[in-house]
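Colleague: Submitted below is the structure of interest, expressed as structure tokens.
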Amino acid sequence: MAQLSSTLLYAAFITYLIGTLFFAMSLSDKKEKVASYSKRWGRIGYITSIVGFALQLGYFFTRWAASGHAPVSNLFEFTTFFGMMMVFAFIILYGIYKTNALGVFAMPIALLVIAYAGMFPKDISPLIPALKSDWLKIHVTTAALGEGILAISFAAGLIYLIGTVKQEKSTRETKWLEGVLYCLLCVLGFIILSVTFKSAGYEAVYSFTGKNGNELEAVYQLPVISAPADSAEVQGGFGPLFEAPAWMKGENAAVKLNTMIWSLLSGGILYGLLRLILRKRLAAAIQPKLRNINPELLDEISYRSVAIGFPVFTLGALIFAMIWAHEAWNRYWGWDPKEVWALITFLFYAAYLHLRLSRGWHGTKSAWLCVLGFVIIMFNLIAVNLVVAGLHSYA
Amino acid sequence: MEKTIICECGHHNPPGTLICQSCGKPFADAKENMEASMRYEGTARRSQTYNRTAVDKIWNFFSSVKVGIWIIVVILVAAAIGTIFPQEMYIPQNVDPASHYESEYGNLGKIYFLLGFHNLYGSWWFIVLLGMLALSIIVASIDRGVPLYKSLKRQKVIRHDQFLKHQRLFAQDVKGDLGTMKIALKEQNYKIREENGSLFAEKGRFSRWGPYVNHVGLVIFLAGAMLRFFPGMYVEEVLWLREGDTAAIPGTLSEDGQYYLKNEKFILEFYDKNDEQFKDALQNTSNPVPKNFQTNAVLYKSDSNGTIGAGEIKKVKEGKIQVNKPLKFDSFSLYQTDFKMDELNAMSFSLVEKESQKKVGAFEVDLINPKKKYDLGNGYSVNLGKYYPNYFLEDGEPKTKNNVPDNPAFVFEMISPESTKKEKAFVAIKNNIEMEGNRYKVEFAGIKTKNLTALTVRKDHTLPIVSLGGIIFMIGVVQGLYWNHRRIWIKEKEGGLWIAAHTNKNWFGIKKDLQKLSDKTGIVMPEDRTAAKTA
Ligand code: HEM
């Protein structure tokens, strides 16, 4: 069962990839003759995405059967599920608006999320008592759905920005936009490196003394740039180039710093290569492909995603979370970092809605807010787990 | 000086009105910005009209959405700051926060502590911010909600030409038949009113109340959360209970009695490392993974007239308390929160004659309620002179940290038939101090341990209020965000029909409605002026 489950996940991943290519083929930068082939490829892309989604549902339920609990209980499972909810949200919104460009951006972002999930340990793990609750399942799945829908507002906002930000000369806006694309490339770079070194079986180990005086080991899956402070190499190859500063005391701080450095480097290399090949800003290179989009419509899609996603997010990430917390931790609110960041996300989108409604923040401003909103969601998803440990620290 | 605005139709509008409340004629600059003016139907809002007294100024301040957004953003940033370092409630209980933040997080930690950020969410200024949020929501909602309600209620079918002309979706001199349009609009679930050859179609008006409903929910929620600070609304106590013990449950004394709880057994289970299902994950971790924390408990209640501790106690029910499965009774819940395995409970000793190594007797000291005197028979006995449950040395003096028998130490007085004086011995774990010339010694023989469970007793009368607020909030957001208010005005003019349409949001949706109307009746699609401008 577990084997079947992971096969289905691979199949879903490949199918999404193919779906993305179909969507890409539907874009045309020519003014004339848009309708026919664009529509056709868009349809094929959409159907492919739905097939991929069905496959991933297959993964989800077979894994559920194998583990006996809903597969949303560790970082791998949750992040994969989040990717799946993004695809689901995309399927709904494409159903309403039939905008092919949305597929070209939303699907790759979902792919990145799912691939990134694959970097976490994939073992089927048992549930600790605090996680044994139906409310937890309901909370986590609904929250992920809400975040998935909100992520579509990011995709639509990004298309809006790439399509409309003036690219004649370098401005603050073009720089920020390149920054966003660079961040996406960093995730891609990290995934490529991880997969490469994992398949080569690379591992380096350093031993060091933790802050409580206990002996700890840092295990690296990527070549070591930053070793823990005052550590000794137990098993290694390349490096280290330097030792992490001593104030980074967390058990895995040096490994995380190492991963961070590699991500930024590989993202930089990818970005540099693309710039060399294209000989212009990435956004400037994509812009002509988006000539046929209707910015007004994308603005509407991104707002609509927030309008649909905000209540779902509130219900899942705050209300169901409170019910679960009430059952498990005997209080509905405890100011745990993960909770607080869910509240921050909620407040942020509340501010977005008010800015839009009462202060007329449409178009570019609204799109930038959607980008920022996605950054906050990803921060809560990844950074709060990895950096700020809370009650929710699954791993 | 504010004056009533008299429209050409003769209607007297209150000062501040943007669109005549009777005929719909837009005044002055309302035409230029019709979409914005339509938000509250061009009504006069208190905050836009008066600005003289202090009350006016405060009212206007809090009714401003700009201010509201700033309040939200400040709360957001404060909340984020609170996650930089752990809050006080998440640092170890037994350390001094002042030094903890500095030693763990250096100078930044020290500043964090000095600014009071270690207890940010309970700080007075954070509570004040929440209060300002609530106030702002209330004021802003009344300021807009009341005039909006009145205005939508008395909408007229026929609107002023200028009103139609300046709508975002508008078409002039359309050829078409009102009758077929009426049917087509009815099919799309529009409510239709007619007057003198003009037609007004409307749907989803209730969605306009969504923000007001959700704001009411929010305010109820915030009020409920604040009620917690009032005595009696909220009880939270921790009850530590050894296996086999019965104790009064703190906070549960009332006129009709007192609840007691017995801890029959505390159970801690771990996953089996060789578990088929989870083998891979379990063999990758060094620590065993817990599977279950459980207290088997019996609940008792004293009869109503019994004084505390006295009186008869009757069994109410038995139950398992697990994480995620509290035991509930009356308005209370008991949660499994903590435990302590194998706490020392009793120690047994032998009295030994040193020279012959002969045991002359044995006794057991209950570490929770020790007896003073232990008679060993044959004239031998031991007195417990001093008892330090959690012993440590301070300036050469034995002391105890607390009453928890984590590191017990004793001063025994040994009495034998032949001895004239009491022999004293100090006995502690791995640390016996013998007096010179003692004939007897106390030898450690064994221990008994017990498990403890910690249960949190909770009563929260704010829960119904908070839940109500949450439910109302959800209804409100869904109402306001999943539906929208769509209106179509059709007016008969000499050259043909004038058609105008407005929605508070989702222009894509209303355009689809108009497209359907156009497909059914053959009228031309009204033009979207905003889209035309940007394209
Ligand atoms: C965290 C707090 C708040 C939440 C979650 C919240 C939520 C909402 C939502 C969901 C809407 C509907 C938005 C839309 O339809 O696009 C709304 C509208 C509105 N909110 Fe809030 N709100 C909050 C605080 C405030 C505050 C502090 C003010 C004070 C100025 C305010 C004033 C308004 C106004 C004026 C509207 C528009 C009402 C209308 O369309 O007639 N809100 N709010």
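The values are calculated or read from the model by the stated rules, or taken from the named source; none is laboratory data. Remember, it's a predicted structure, so these values are computed and weren't measured experimentally. Every residue, glycine as well, gets a Cβ built from its backbone with ideal geometry; the counts of neighbours run over all protein chains shown.
Colleague: Taking the stated definitions as given, is B:D342 within 19 Å of A:W324 (Cα to Cα), of a type outside the set (F, W, Y) and out of contact with any Lys or Arg (no Cβ under 6 Å at 6 or more places or on another chain)?
Modeller: no
Colleague: A follow-up question, please. Since A:L127 meets every condition but one in (1) over 17 Å from the mean Cα position of the chain (by Cα); (2) in contact (Cβ under 8 Å) with a residue 40 or more places away in the chain; (3) within 14 Å of chain B (Cβ to nearest Cβ); (4) surrounded by fewer than 19 Cβ atoms within 10 Å (Cβ to Cβ), which condition does it not meet?
Modeller: (4)
Colleague: Ok, one more. Might you check whether a residue that is surrounded by 14 or more Cβ atoms within 10 Å (Cβ to Cβ), touching a residue at least 12 places away in the same chain (Cβ under 8 Å) and farther than 17 Å from B:S348 by Cβ occurs anywhere in the stretch B:366-385?
Modeller: The answer is yes; a qualifying residue exists.
Colleague: What number of residues in the stretch A:64-80 are surrounded by fewer than 24 Cβ atoms within 10 Å (Cβ to Cβ) and part of a helix (DSSP H, G or I)?
Modeller: 8
Colleague: In the stretch A:341-353, is there at least one residue being more than 12 Å from the ligand (Cβ to nearest atom), within 9 Å of chain B (Cβ to nearest Cβ) and either without any contact (Cβ under 8 Å) to a residue 60 or more places away in the chain or surrounded by fewer than 21 Cβ atoms within 10 Å (Cβ to Cβ) (or both)?
Modeller: Yes, the stretch A:341-353 contains a residue that is more than 12 Å from the ligand (Cβ to nearest atom), within 9 Å of chain B (Cβ to nearest Cβ) and either without any contact (Cβ under 8 Å) to a residue 60 or more places away in the chain or surrounded by fewer than 21 Cβ atoms within 10 Å (Cβ to Cβ) (or both).
Colleague: One residue is enough: does the stretch A:43-62 have a residue meeting the conditions hydrophobic (A, V, I, L, M, F, W, C), more than 23 Å from the chain's Cα centre (by Cα) and farther than 27 Å from A:V312 by Cβ?
Modeller: There is at least one residue in the stretch A:43-62 that is hydrophobic (A, V, I, L, M, F, W, C), more than 23 Å from the chain's Cα centre (by Cα) and farther than 27 Å from A:V312 by Cβ.
Colleague: Out of the residues in the stretch B:81-112 meeting the condition of being surrounded by 19 or more Cβ atoms within 10 Å (Cβ to Cβ) and either within 16 Å of the ligand (Cβ to nearest atom) or within 20 Å of the chain's Cα centre (by Cα) (or both), tell me which one is nearest to the other protein chains (Cβ to nearest Cβ).
Modeller: Across the stretch B:81-112, the extreme among qualifying residues is B:T83.
Colleague: Further, regarding this structure: Looking at the stretch A:270-293, is at least one residue more than 21 Å from A:A106 (Cβ to Cβ), more than 8 Å from every other protein chain (Cβ to nearest Cβ), among the aliphatic types (A, V, I, L, M) and surrounded by 18 or more Cβ atoms within 10 Å (Cβ to Cβ)?
Modeller: yes
Colleague: Determine, yes or no, whether A:G334 is of a type in the set (G, A, S), surrounded by fewer than 20 Cβ atoms within 10 Å (Cβ to Cβ) and within 14 Å of another protein chain (Cβ to nearest Cβ).
Modeller: Considered against the rule, which asks whether it is of a type in the set (G, A, S), surrounded by fewer than 20 Cβ atoms within 10 Å (Cβ to Cβ) and within 14 Å of another protein chain (Cβ to nearest Cβ), A:G334 comes out as yes.
Colleague: Scan the stretch B:480-512 for residues that are away from chain A (no Cβ under 14 Å) and out of contact with any Lys or Arg (no Cβ under 6 Å at 6 or more places or on another chain) and jot them down.
Modeller: Listed by number, the residues that qualify are B:R487, B:I488, B:I490, B:K491, B:E492, B:K493, B:E494, B:G495, B:L497, B:I499, B:A500, B:A501.
Colleague: Kindly establish whether B:T456 is within 30 Å of B:K325 (Cβ to Cβ) and touching a Gly at 6+ places or on another chain (Cβ under 8 Å).
Modeller: No; evaluated as a whole, the condition is false for this residue.
Colleague: Kindly list the number of the only condition in (1) buried (at least 18 other Cβ atoms within 10 Å of the Cβ); (2) within 14 Å of chain A (Cβ to nearest Cβ); (3) more than 12 Å from the ligand (Cβ to nearest atom) that fails for B:Y40.
Modeller: With respect to (1) buried (at least 18 other Cβ atoms within 10 Å of the Cβ); (2) within 14 Å of chain A (Cβ to nearest Cβ); (3) more than 12 Å from the ligand (Cβ to nearest atom), B:Y40 is out only on (3).
Colleague: Restricting to the stretch B:113-168, count the residues that are away from the ligand (no atom under 16 Å from the Cβ), within 14 Å of chain A (Cβ to nearest Cβ) and in contact with a Lys or Arg (Cβ under 7 Å, 6 or more places away or on another chain).
Modeller: 1
Colleague: If a residue must be crowded, with 16+ Cβ neighbours inside 10 Å and either basic (K, R) or outside any loop (DSSP other than H, G, I, E, B) (or both), how many such residues does the stretch B:247-263 contain?
Modeller: Residues in the stretch B:247-263 being crowded, with 16+ Cβ neighbours inside 10 Å and either basic (K, R) or outside any loop (DSSP other than H, G, I, E, B) (or both): 7 in total.
Colleague: Filter the stretch A:356-369 down to residues that are in contact (Cβ under 8 Å) with a residue 60 or more places away in the chain and within 14 Å of the ligand (Cβ to nearest atom), then give me how many there are.
Modeller: Of the residues in the stretch A:356-369, 3 are in contact (Cβ under 8 Å) with a residue 60 or more places away in the chain and within 14 Å of the ligand (Cβ to nearest atom).
Residue-by-condition table, conditions (1) under 30 Å from A:L127 (Cα atoms); (2) assigned to a strand (DSSP E or B):
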residue: B:K315; (1), (2): no, yes
residue: B:I321; (1), (2): yes, yes
residue: B:T337; (1), (2): yes, yes
residue: B:N345; (1), (2): no, yes
residue: B:V352; (1), (2): no, yes
residue: B:E355; (1), (2): no, no
residue: B:K359; (1), (2): no, yes
residue: B:K371; (1), (2): no, no
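Colleague: Can you run down the residue pairs with Cβ atoms below 8 Å, 6 or more apart or on separate chains, where the first is in the stretch B:48-77 and away from the ligand (no atom under 16 Å from the Cβ) and the partner is of a type in the set (A, V, I, L, M, F, W, C)?
Modeller: Cβ pairs passing all conditions: B:Y50/B:W59.
Colleague: Let me ask you something else. Quick one: count up the residues across the stretch B:332-352 that are within 14 Å of another protein chain (Cβ to nearest Cβ) and either of a type in the set (S, T, Y) or surrounded by 14 or more Cβ atoms within 10 Å (Cβ to Cβ) (or both).
Modeller: Looking only at that region, the number is 7.
Colleague: Which number in (1) touching a residue at least 40 places away in the same chain (Cβ under 8 Å); (2) farther than 26 Å from A:I18 by Cα; (3) within 14 Å of chain B (Cβ to nearest Cβ) marks the one condition that A:G163 misses?
Modeller: (2) is the only condition that A:G163 fails.
Colleague: Tell me, please, whether a residue that is in contact (Cβ under 8 Å) with a residue 40 or more places away in the chain, assigned to a strand (DSSP E or B) and under 30 Å from A:D123 (Cα atoms) can be found in the stretch B:282-300.
Modeller: yes
Colleague: What about B:L185, is it touching a strand residue (DSSP E or B) at 6+ places or on another chain (Cβ under 8 Å), more than 26 Å from A:H354 (Cβ to Cβ) and either part of a strand (DSSP E or B) or modelled with pLDDT of 90 or more (or both)?
Modeller: yes
Colleague: While we're on this one: Determine whether the stretch B:317-335 contains at least one residue that is without any contact (Cβ under 8 Å) to a residue 40 or more places away in the chain and either over 30 Å from A:L131 (Cβ atoms) or assigned by TED's automatic domain parsing to the domain that holds B:V411 (or both).
Modeller: no
Colleague: Tell me whether the stretch B:459-479 contains one or more residues that are closer than 30 Å to A:I323 by Cβ, facing chain A (nearest Cβ under 10 Å) and part of a strand (DSSP E or B).
Modeller: yes
Colleague: Could you check A:R359 against (1) more than 14 Å from chain B (Cβ to nearest Cβ); (2) farther than 25 Å from A:L136 by Cα and say which number it fails?
Modeller: Status for A:R359: all satisfied but (1).
Colleague: Looking at the stretch A:88-112, which of the residues that are crowded, with 24+ Cβ neighbours inside 10 Å and within 12 Å of the chain's Cα centre (by Cα) is nearest to the other protein chains (Cβ to nearest Cβ)?
Modeller: Filtering the stretch A:88-112 for residues that are crowded, with 24+ Cβ neighbours inside 10 Å and within 12 Å of the chain's Cα centre (by Cα), the one nearest to the other protein chains (Cβ to nearest Cβ) comes out as A:A106.
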